[in-house]
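Worksheet for the structure shown next.
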Amino acid sequence: MTRYAAIRLVEIAAVLALMSLAIYALIGLMPGDPIDLMRSADPRMTAADAARLKALYGLDRPLLLRYAGWATAALGGDLGYSRLFAEPVAAALLPRLVNSLVLMGSSFVLAFALALGLGVAAARRPGSRLDRAVNLFAFAGVSLPTFWLALILILVFAAGLGWLPAGGVGAGFAGRLVHLVLPVATLTLASVGGYTRYVRAAMREALAQDHIRTARAKGASEARVVWRHALGSALVPVATVLALSFGGLVSGALVTETMFAYPGMGKLIFDAVMGNDYNLALAGLLLATAVTLFGNFAADLAYAWLDPRVSYS
Amino acid sequence: MKGPLVLLALIAAAALAGPFLGDPSAVDLADRLAGPSLAHPLGTDELGRDMLLRLLEGGRISLAIGVAAAAAAAAIGTAVGLVSGYLGGWVDRILMRLVDAVIALPLLPLLIVLAALDLTKLGVPPRLAHADGIGLVRIVCLAVLIGWTTAARLVRGATLIARNRDFVRAARSLGAGVPHILVRHILPNVLAPLVVATSLSVADVILLESVLSFLGLGIQPPLASWGSMLSNAQETISAAPLLAVYPGAMIFLTVIACNLLGDALQRRFERRRV
């Protein structure tokens, strides 16, 4: 188990290193460049000044050399300075990472709990009216464009009824909570459909197995059969699919945060890319990738813990 | 299966009929944000353009992108899956690691960077890079870039099973070459799940196109897209909230129809196999 975890961690580090090079190269291909931005801000700047600045910042060096310079500084904890926020990248990033984790974490827990209830209820009576209703709800969930859902929720609950704020983060615990309601609802509804389908499929398969009949035959209560015996084996395949769903959660969070002006990592990445803030975009994208990879890793560990047959030794 | 198929056919037929009904880009500044009327059944947008015609143009673009990208992704994924499953060994290992990586990554943040790239810096001539239709091509490329993995996994799995079936061994012993075996003996066996996956992937592509267009990185004006219409509607939302409802409802209906169609097809194929 320790060996497996160590190998996975090395893999994650390798993927992150590769991604950082790829993203570094891509960011250089985005419209505009930092010297042009300075020139447009200062009309007195001459071509010679621009060339001198280019040399000063090392922008005339080959890509790989520039990347090596960035990577050494980054490993030493220096991610550069954010143009957009006028503060060091790490200082801009960390509070927003926490905000994002709060949003994604609560949505994930809510969506998963909802999916468990709906999926199990549907799987217990396949073909019933309830099953069909849950199925339609799940399909509606995966087919809803997240940004439109957010727009409609704002239209109804913020602009129309005036019950909830349309965006931002509030002050104090109660204020923050109130501002979280609509974003969390959006992200939960966006992911609950997919989760419900996984749970339902896995539960149907689990309920058809022999050991379920054995459990019933020896007189276990229906609740025990469903929630202990069947769910126990159904959670294993569910954990594998969930492991692959964190990328989707991060993507969904980007849209949700942008819609609700919620200062999280997703909105930060979007703003940084649109605002030519290269240092910030690079660090933000890498952080989003790291969060996803570690989420996958955690789900893999949960998988081994849930299924006694799986051992990573 | 009939329901989603009929719905999709209706949307496609209406979208294709759009050009015969009027010009979706005709601006009428005197008649902005108007409510429903006989001339404009769904009202007009912030430039006085007919909402219904714009919706139909958006539908043409969304469906064209969805079908083109899903088909291209299926073709590329099939090729990768066949090669990976049949050859095995290190080719298979590298290709499948690549598939795992693409599936696990946070795709939207990365796609935003790719969608914002300046094509002229990649050596594309400026005239081509700033052409009207380039947004279409770019979205199809992005969708294929992340969409090929589903087909690749499916086809690889089926190839692994089929590779050692007796009829494939027989073909091999009769001297059939690898391409012949892949195309004539293995491919027909994976067609059913491939059709299902392609139907589902049309839905994914349409969602991706709409979100990128909504963020201003997809289809650019003067072309209409459901996503960019929503982003325009956001600015006039207090004056004309319905403008923000129609395009989203169209995305939702089209995507759920594709998803339900894929699901129905899958059930049909499974029943036949039993």
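Where a number appears in this text, it was derived from the coordinates with a stated rule and is not lab data. Remember, predicted model here, so these are calculated numbers, not experimental data. For neighbour counting, all protein chains shown are included, and Cβ atoms are generated from backbone atoms with ideal geometry for every residue, glycine included.
Worth a mention:
- Dipole magnitude (debye, nearest 20) for segment A:10-100, charges at Cβ of Lys, Arg, Asp, Glu: 160 debye
- Computed FRET value (nearest 0.05) for B:A79 with A:A171, which takes r as the C-beta separation and R₀ as 56 Å: 0.50
- The distance between label points at A:L53 and B:N164 comes to 6.5 nm (points 7 Å beyond Cα on the Cα→Cβ vector).
- Each of the peptides B:82-88, A:125-131, A:148-154 was scored by the mean count of other Cβ atoms within 10 Å over its residues; in descending order, highest first, they stand as A:148-154, B:82-88, A:125-131.
- Relative contact order, percent, chain A [alpha-carbon distance under 8 Å, six or more residues apart]: 25 percent
- Average beta carbon contacts from partner chains per residue of B:112-122, 10 Å cutoff: 5
- Mean separation of Cα contacts under 8 Å (6+ apart) over length of segment A:27-106, as relative contact order %: 11 percent
- Unit charges at the beta carbon, dipole of the protein assembly as shown: most positive-side option, B:L10, B:G133, B:A224: B:L10
- Among A:A159, B:I237, B:F252 - extreme Cα towards positive end, dipole of the protein assembly as shown, charges at beta-carbon: B:F252
- Counting only other chain Cβ atoms within 10 Å of each residue's Cβ, the peptide A:151-158 averages 3.
- Mean-position separation - Cα centroids, segment A:128-166 and segment B:247-261, in angstrom: 14 Å
- Dipole magnitude of the protein assembly as shown about its Cα centre (Cβ charges: Lys, Arg +1; Asp, Glu -1), debye to nearest 20: 2560 debye
- What you get for segment A:5-50, charging only the Cβ of Lys and Arg (+1) and of Asp and Glu (-1), is a dipole of about 120 debye around the Cα centre.
- Length gained when the stretch A:L65-A:F294 is fully extended (0.36 nm per residue, less Cα-Cα span): 79.5 nm
- Selection among A:Y303, A:S20, B:G262 by position relative to the dipole of the protein assembly as shown gives A:Y303 as farthest towards the positive end (Cβ unit charges, Cα centre).
- Cα-based shape type of the protein assembly as shown, given that a ≥ b ≥ c are square roots of the gyration tensor eigenvalues and the cut on a/c is 1.5: rounded
- Its relative contact order, with pairs defined as Cα atoms under 8 Å and 6+ residues apart, puts segment A:231-313 at 38 percent.
- In sequence order, segment A:183-188 has phi-based couplings of x, 5, 4, 4, 5, 5 Hz under the Karplus curve 6.51 cos²θ - 1.76 cosθ + 1.60, θ = phi - 60°, and Gly or Pro positions carry x.
- Peptide B:97-106 has a mean shielding of 6, counted as Cβ atoms of other protein chains within 10 Å of each residue's Cβ.
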